[in-house]
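Peer 1: Starting off with a structure, shown below.
The values are calculated or read from the model by the stated rules, or taken from the named source; none is laboratory data. Source: prediction; values computed, not measured. All Cβ positions, even for glycine, are placed from backbone atoms using ideal geometry, and neighbour counts span all protein chains on display. Note: accessible area is taken over every heavy atom of the protein model, side chains too, but ligands, DNA and RNA are not part of it. Shrake-Rupley method; radii C 1.70, N 1.55, O 1.52, S 1.80 Å.
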Amino acid sequence: MKQLLSRNVKYDWDQLAQKYENVTVDGYIPITLPTPKLEDSQYFEVSIAFSRDEIYSNRQFNQPFTIQSISKFITLFYVLEYYGPEKVSHKMKLSASTVDYNTVSADLFLSDNLILNPFINAGALTIASMIKGDHHIEKVNAVIEFVRQYFQVDSAVDESVYSFEKRNSYTNYEIAGKLQLLGFLEDSIEGTLNTYLQLCALKMTTKDLAKIGFIFQEMVCNKHEAALVVHEAMVQCGLYRASPLSVNDKYIPAKSGVSGSIIAYSYCLDALHSDNIGLGIYSPLLNSEGNSAKGYNYLRDFFGNF
């Protein structure tokens, strides 16, 4: 199995993964998602992409999951790519935030009449309303095709998770209502929520996320305009209140989802001493900040030795 080039890595990445496979952590499953079987709650999986085609995992068979808020990273990239940075910057900042990601208070999610960032739910709902299309199905299909074209990853909506989340989305309805009153939405409340929730319910694997992370870091290294803006958002606010994540005086770009998923990458490093890679992590129990408990700790350990 391929190993990292980094000279100061104390653990092989797969040995570190075995540690997290065997450790037991405390955490919770959000009430907006179906509860996994008890024996599955401590599940841990990580994949690392060393290239577009060379991807390794600690599991022989990858567990599909819904990406949840990782979709916010994808839809932000989509909107920036089609409309440019100005359309987004007129409505939101890219600042780190200590507020809960699902806060319904405009006094908390706004600053200087701008939404704090695109990764809290107020920002993500606004971004979802900007996606091109006359109906939420058309919009969701456009994003699925975008992922296929840019990242060579196929995905589909998990209809059962989408239905469950829609029945339990009281908070998002309240946020969307306030956004509409404030003039942020470019679609109806219902259309925006359907688009947003279906994109959260896209199914992928850790290998898919690792591949996306690797291809995306290539775009960042190549100074792709939209990718650079998304990269800044990933660094500043991709891990909710745990953002930005600084390890060994370096900021780690990552985005988490409440399914217990995380996408991350390293980028533009000295090839003689380290690697440009993409990572995908899945472990369903969440910590107090809404990130995968095992996944977040693995990320810190991994980059702490990188």
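Peer 1: Checking the condition among the acidic types (D, E) and open to solvent by 50 Å² or more (accessible area, probe 1.4 Å), which residue from E138, E165 passes?
Peer 2: E138 is the lone residue from the list that is among the acidic types (D, E) and open to solvent by 50 Å² or more (accessible area, probe 1.4 Å).
Peer 1: What residue, among those in segment 230-262 that are in contact (Cβ under 8 Å) with a residue 60 or more places away in the chain and open to solvent by 40 Å² or more (accessible area, probe 1.4 Å), is nearest to L299 (Cα to Cα)?
Peer 2: Looking at the filtered set, the residue picked out is P244.
Peer 1: Return only the number of the condition from (1) in a loop (DSSP other than H, G, I, E, B); (2) open to solvent by less than 10 Å² (accessible area, probe 1.4 Å) that G133 does not satisfy.
Peer 2: Just one mismatch for G133, condition (2).
Peer 1: Which residues, counting only those in segment 98-114, are open to solvent by less than 30 Å² (accessible area, probe 1.4 Å), out of contact with any Phe, Trp or Tyr (no Cβ under 8 Å at 6 or more places or on another chain) and closer than 21 Å to L239 by Cβ?
Peer 2: Selection gives F109 alone.
Peer 1: Next up: When you scan segment 43-71, how many residues do you find that are in contact with a Gly (Cβ under 6 Å, 6 or more places away or on another chain) and within 20 Å of V143 (Cβ to Cβ)?
Peer 2: Qualifying residue count for the region: 4.
Peer 1: Report, by residue number, each residue of segment 98-150 that is over 16 Å from the mean Cα position of the chain (by Cα) and small (G, A, S).
Peer 2: S105, A106, S111, S129, G133, A142
Peer 1: Considering each residue of segment 49-81, count those that are hydrophobic (A, V, I, L, M, F, W, C) and modelled with pLDDT of 95 or more, and give that number.
Peer 2: Looking only at that region, the number is 9.
Peer 1: Would segment 72-84 turn up any residue that is of a type in the set (G, A, S), more than 17 Å from G213 (Cα to Cα) and either crowded, with 17+ Cβ neighbours inside 10 Å or touching a Gly at 6+ places or on another chain (Cβ under 6 Å) (or both)?
Peer 2: No: zero hits.
Peer 1: Taking the conditions exactly as written (without any contact (Cβ under 8 Å) to a residue 60 or more places away in the chain, within 27 Å of P30 (Cα to Cα) and assigned to a helix (DSSP H, G or I)), does N141 satisfy them or not?
Peer 2: Here the answer is yes, as N141 does meet what is asked.
Peer 1: Okay, moving on. Might you check whether a residue that is without any contact (Cβ under 8 Å) to a residue 40 or more places away in the chain and among the hydrophobic types (A, V, I, L, M, F, W, C) occurs anywhere in segment 68-79?
Peer 2: No, that holds for no residue.
Peer 1: Looking for whichever is of a type in the set (S, T, Y) and without any contact (Cβ under 8 Å) to a residue 40 or more places away in the chain here; the options are S129, S95, S155, S105. Which one fits?
Peer 2: Just one listed residue meets the conditions, S105.
Peer 1: Okay, moving on. Going residue by residue through segment 284-291, is there one that turns out to be outside any strand (DSSP E or B), more than 24 Å from L202 (Cβ to Cβ) and open to solvent by 10 Å² or more (accessible area, probe 1.4 Å)?
Peer 2: Yes: one or more hits.
Peer 1: Additional query: Can you work out which of the residues in segment 231-264 that are part of a strand (DSSP E or B) and modelled with pLDDT under 95 is farthest from S41 (Cα to Cα)?
Peer 2: Filtering first and then ranking leaves K250.
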